[in-house]
């Protein structure tokens, strides 16, 4: 039994390390490029989630918003809210985002459960910062955001085409409902 314990502990720690490493990926999907000359101050404020994939942490949620504000330490506070229509209650998650490189490159890492960080990459944005396409660290994470509860068809198509070219299965997107 002693020998089993000596082997099991390192294996367990190795698996735990691998899980943490995989959960902390702040990469960007192959072929995607983060927006350059990014103005983080223009990005701050409230965004409505227009579309996303079905994530465990947002399952059964409508009226989803993300509000970004500058923290004293220079990082960005992330305040996500949404209405769980199955449980009939509002949910909120507060996190923090940091730039991976320079603040002029829209590559960030975000955490709601430190020390676990995930990639948050703005890969397309309307020039007045009204509509944005955001990729996670791989093809499992994608968001279409808008400053309004809707998005013009032209930007919807632009973002869908870009996502498809990168390999996203856009037919699996969930189109978020927002109470009018």
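For (1) under 26 Å from residue 156 (Cα atoms); (2) touching a helix residue (DSSP H, G or I) at 6+ places or on another chain (Cβ under 8 Å), each residue gets a yes or a no:
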residue: 52; (1), (2): yes, yes
residue: 55; (1), (2): yes, no
residue: 67; (1), (2): yes, no
residue: 72; (1), (2): no, no
residue: 76; (1), (2): no, yes
residue: 81; (1), (2): yes, no
residue: 87; (1), (2): no, no
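Checking residue 86 against (1) under 20 Å from residue 145 (Cβ atoms); (2) modelled with pLDDT of 95 or more: exactly one of these is not met. Which one?
Result: residue 86 fails condition (1) only.
Which pairs do you get when a residue that is at positive phi and modelled with pLDDT of 95 or more, found in segment 123-148, comes within reach of a residue that is in a loop (DSSP other than H, G, I, E, B) and crowded, with 17+ Cβ neighbours inside 10 Å, reach meaning Cβ atoms under 8 angstrom, with the pair 6+ apart or on two chains?
Qualifying pairs under 8 Å: none.
Report yes if some residue within segment 76-91 is in contact with a strand residue (DSSP E or B) (Cβ under 9 Å, 6 or more places away or on another chain), closer than 13 Å to residue 40 by Cβ and in a loop (DSSP other than H, G, I, E, B); otherwise report no.
no
Specify which of the listed residues (162, 156) is closer than 23 Å to residue 37 by Cα, out of contact with any strand residue (DSSP E or B) (no Cβ under 6 Å at 6 or more places or on another chain) and outside any loop (DSSP other than H, G, I, E, B).
156
Looking at (1) under 25 Å from residue 173 (Cβ atoms); (2) surrounded by fewer than 15 Cβ atoms within 10 Å (Cβ to Cβ); (3) in contact with a strand residue (DSSP E or B) (Cβ under 8 Å, 6 or more places away or on another chain), which is the only condition residue 104 fails?
(1)
Determine which single condition residue 101 fails, assuming it passes every other condition in (1) farther than 28 Å from residue 73 by Cβ; (2) not in a strand (DSSP E or B).
Of the numbered conditions (1) farther than 28 Å from residue 73 by Cβ; (2) not in a strand (DSSP E or B), the odd one out for residue 101 is (1).
Quick grid of which residues meet (1) in a loop (DSSP other than H, G, I, E, B); (2) touching a residue at least 60 places away in the same chain (Cβ under 8 Å); (3) over 15 Å from the mean Cα position of the chain (by Cα); (4) crowded, with 17+ Cβ neighbours inside 10 Å:
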position: 25; (1), (2), (3), (4): yes, yes, no, no
position: 34; (1), (2), (3), (4): yes, yes, no, yes
position: 46; (1), (2), (3), (4): no, yes, no, no
position: 54; (1), (2), (3), (4): yes, yes, no, no
position: 64; (1), (2), (3), (4): no, yes, no, yes
position: 67; (1), (2), (3), (4): no, no, no, no
position: 74; (1), (2), (3), (4): yes, no, yes, no
position: 94; (1), (2), (3), (4): no, no, no, no
position: 109; (1), (2), (3), (4): no, yes, no, yes
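The values are calculated or read from the model by the stated rules, or taken from the named source; none is laboratory data. Keep in mind the model is a prediction, meaning the values are calculated, not measured. Every residue, glycine among them, receives a Cβ derived from its backbone with ideal geometry; neighbour counts consider all protein chains shown.
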